[in-house]
1. Consider only pairs whose beta carbons are under 9 Å apart and that are at least six residues apart or on different chains; among these, list those whose first residue lies in segment 190-218 and is in the same structural domain as E128 (by TED's automatic domain parsing) and whose second residue is hydrophobic (A, V, I, L, M, F, W, C) and part of a loop (DSSP other than H, G, I, E, B).
2. If we scan segment 248-256, do we find a residue that is in contact with a Ser or Thr (Cβ under 8 Å, 6 or more places away or on another chain), closer than 18 Å to I126 by Cβ, part of a strand (DSSP E or B) and among the acidic types (D, E)?
3. If I filter segment 230-242 down to residues being surrounded by fewer than 17 Cβ atoms within 10 Å (Cβ to Cβ) and not acidic (D, E), which single residue comes out as farthest from D211 (Cα to Cα)?
4. Which numbered condition trips up K245, out of (1) crowded, with 19+ Cβ neighbours inside 10 Å; (2) more than 14 Å from the chain's Cα centre (by Cα); (3) of a type in the set (K, R)?
5. Looking at E233, E225 in this structure, which one is more than 28 Å from G119 (Cα to Cα) and modelled with pLDDT under 95?
6. If you go through segment 74-94, how many residues are closer than 13 Å to N105 by Cα and either at pLDDT 95 or above or in a strand (DSSP E or B) (or both)?
7. Tell me whether segment 221-240 contains one or more residues that are in contact (Cβ under 8 Å) with a residue 60 or more places away in the chain, part of a strand (DSSP E or B), more than 22 Å from G87 (Cβ to Cβ) and more than 20 Å from the chain's Cα centre (by Cα).
8. Six or more apart or on different chains, Cβ atoms under 8 Å: show the pairs whose first residue is in segment 130-157 and within 16 Å of Y91 (Cα to Cα) and whose second is part of a strand (DSSP E or B) and of a type in the set (S, T, N, Q).
Amino acid sequence: MLNSVGGFLASLTVSTGLIGSGIAADLDQTAQSEDFPAPKKWEFVLGVYGFLPWVNGTSGAASTTATLDLTGRDILDALRFAYFVDGEVVYDRRFSAMVDIMYANLGGASSTRRGTRIGLTFSEYIIEARAGYRFLVEGPSWLEAYGGVRYWDVTQTLSITGGGRFGLTRTGSAGDQWIDPIVGLRGRYGVTENWGLVGQGDIGGFGAGSDFSWRAQAGVQYAFENGLAIDLEYKALQVDFDNGKTGANRFVWDVIQHGPFARISYRF
């Protein structure tokens, strides 16, 4: 419509046509900026999430070693308390820094294998701090390389009942803390204005903390116009840690935790 007005004015005189065209261009540019606001220089994201894992692997405390095979239902039944939060700051759509905190406390999770009952009581505290650079940014899509650290603090009590001639119960308690360096990639692919595919993967440890650790997760995200976003993903987190000690201080945590992951976040 504005171009038509400009054309009408241009048909009167050349000078008024130029003025009309200039006004039309300014108004059109303003309308576009309102429909597609310029990205903010600084963006902040706060999120809370839930993670319901299956836990599989080998766990050792003092003289007791067990093979874990816990389902999500086992974890949910034994859950005492948990919280999962994260926060991120992004500058110029390129540079990012993020902190992710996960805590879970379980009492008496158990599974039975071949007549042997394995019980696990544990608390797990994981804190990630990382910084990244988005080397590919195009509209709502981006790809980021990042590096950082993942801090682990795990305490457990193992109990094994059965598996022997007399069906005796063996128990062991131990815990440890370590820090893994991590490097990885994460990104988002915008399918539509609101829907996107999200994913993340990293490796770490390298003998500095654990022998090796990796994480992979992927899923979908729906972003609302008001800054809220909902993620539905599947996440896997594995670590292979052995403190190399003997006796009462021995601790082994060679475990993969994998399961559904749901997150709600707010960007401002």
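1. Within 9 Å, the pairs are N194/F224; L197/V191; F212/F206; S213/F206.
2. Scanning segment 248-256, I find at least one residue that is in contact with a Ser or Thr (Cβ under 8 Å, 6 or more places away or on another chain), closer than 18 Å to I126 by Cβ, part of a strand (DSSP E or B) and among the acidic types (D, E), so the answer is yes.
3. I230
4. (1) is the only condition that K245 fails.
5. E225 is the lone residue from the list that is more than 28 Å from G119 (Cα to Cα) and modelled with pLDDT under 95.
6. Qualifying residue count for the region: 6.
7. No; the residues of segment 221-240 include none that is in contact (Cβ under 8 Å) with a residue 60 or more places away in the chain, part of a strand (DSSP E or B), more than 22 Å from G87 (Cβ to Cβ) and more than 20 Å from the chain's Cα centre (by Cα).
8. A131/S96; G132/S96; Y133/S96; R134/S96; E144/S96; Y146/S96
The values are calculated or read from the model by the stated rules, or taken from the named source; none is laboratory data. For clarity, every value in this text was computed on a predicted model and none was experimentally measured. For neighbour counting, all protein chains shown are included, and Cβ atoms are generated from backbone atoms with ideal geometry for every residue, glycine included.
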